[in-house]
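The values are calculated or read from the model by the stated rules, or taken from the named source; none is laboratory data. As the structure is a computational prediction, the values presented were derived from the model and not from experiment. Heads up, the Cβs are rebuilt from the backbone with ideal geometry, glycines too, and the neighbour counts pull from every protein chain shown. Ligands, DNA and RNA are stripped out before the accessible areas are found, and what is left, the full protein with its side chains, is counted by its heavy atoms. Shrake-Rupley method; radii C 1.70, N 1.55, O 1.52, S 1.80 Å.
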Amino acid sequence: MVISCNTLSIEEAAQGFAAIGSQARLSVVLVLVRAGRSGLTVGDIQTRTGMAASTLAHHLRFLASAGLIEQEKEGRTVINRAAFEQLEALAGYIMAQCCADEAEMPEFSKPELSEEPAA
């Protein structure tokens, strides 16, 4: 799934957010984001997260199918990278809604304060 901030549907956003909706998968994504564009091997991710190999493999497949990570085979090694454009699109999807209703809300008039002391 390739996500564009301009064309992100609510279904695509929901799929992306669901993919990082578990603590384990969010941890993997954060590790890959911290690693930058060079990415990490499965062994490096496993060392940094402490996940069992089979559990990590499951989460990597899930994240890859959601388009949030990219996997590239280099010889016999698989390099995993955060899909920064897709992650930015997800963040943008939420942030595009920021304060949208605020401009539409009527401005409430403040009560005028009397300068007369209360009796």
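Scanning segment 3-40 for residues that are in contact with an Asp or Glu (Cβ under 9 Å, 6 or more places away or on another chain) and open to solvent by less than 40 Å² (accessible area, probe 1.4 Å) yields a count of 4.
In this structure, V33 qualifies as in contact with a strand residue (DSSP E or B) (Cβ under 6 Å, 6 or more places away or on another chain), aliphatic (A, V, I, L, M), part of a helix (DSSP H, G or I) and modelled with pLDDT of 95 or more.
Of all residues in segment 60-78, those satisfying the criterion of being open to solvent by less than 20 Å² (accessible area, probe 1.4 Å) and free of Cβ contacts under 8 Å to residues at least 60 places away in the same chain are L60, L63, L68, I69.
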